[in-house]
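Following: one structure in structure tokens, then a few remarks.
The values are calculated or read from the model by the stated rules, or taken from the named source; none is laboratory data. Not measured: the values here are computed from a predicted model. When we count neighbours, we look across all protein chains shown, and the Cβ atoms used for this are built from the backbone with ideal geometry, even at glycine. For accessibility, only protein heavy atoms count, side chains too; no ligands or nucleic acids. Shrake-Rupley method; radii C 1.70, N 1.55, O 1.52, S 1.80 Å.
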Amino acid sequence: AGDLVSHSGASSVFAGGWVTYSNARKIADLGVAEAVLDEFGAVSGQTAEAMARGAADRGGVDAAISITGIAGPEGGSGDKPVGTVFIGCLLGGEVQVRRFCFTGTRSQVRSRSARSALQMMRFVLLGRQEVPLCWQCGEDIGP
């Protein structure tokens, strides 16, 4: 959100956003099903998809971006090491989710996540969803 609204005129294309750091906020603010969080975890493609759908629905918009991940320096695991990030982009009801494996400090992981999300949405808007992005790793889901 900060990257978008730093530009003059952003209010013509940006309605708002949520920072849903806890699972409770993901459920309450975005309508993410508790079952999705229980089965797949907060850091998963399924959660990123549910967050994007919830943001579009709750925001009354036809395009939305979601980011969920582990920025570190703690919190990683063998399956989901620090730097694991899932980004969801929704446009017109279709969601594309990609998994990223970022490196660097907490600040760098957060910055790379935000910029990758904006680039990913740019490609979705251009109809070029198949274009790979830096730091992208497997397990993409949708559309």
Dipole-positive endmost among L126, A63, V5 within the chain (Cβ charges, Cα centre): V5
Highest-first arrangement of 15-21, 36-42, where packing means the average Cβ count within 10 Å: 36-42, 15-21
Cysteines in the chain that, by Cβ-Cβ distance, have no pairing candidate under 4.7 Å: C89, C134
Label point distance in nm, A35-Y21, each placed 7 Å from Cα along Cα→Cβ: 3.0
Radius ratio Rg over Rh of segment 35-121, counting only Cα atoms, Kirkwood formula for Rh: 0.98
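Per residue, how many Å² of accessible area does the chain show with a 1.4 Å probe?
Numbers: 7850 Å² over 143 residues.
Accessible area per residue: 55 Å².
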In sequence order, calculated HN-Hα J values of segment 9-24 (Karplus, 6.51, -1.76, 1.60; Hz; x Gly/Pro): x, 4, 5, 6, 10, 10, 8, x, x, 10, 10, 10, 5, 8, 4, 4
If the convex hull is drawn through the Cα atoms of segment 1-76, its volume per residue in Å³: 88
The chain, relative contact order [Cα under 8 Å, separation at least 6], %: 18
Size of electric dipole in the chain: Cβ of Lys, Arg +1 and of Asp, Glu -1, about Cα centre, debye, nearest 20: 500
Percent carbon-and-sulfur accessible area, segment 1-131, ignoring ligands, DNA and RNA, probe 1.4 Å: 51
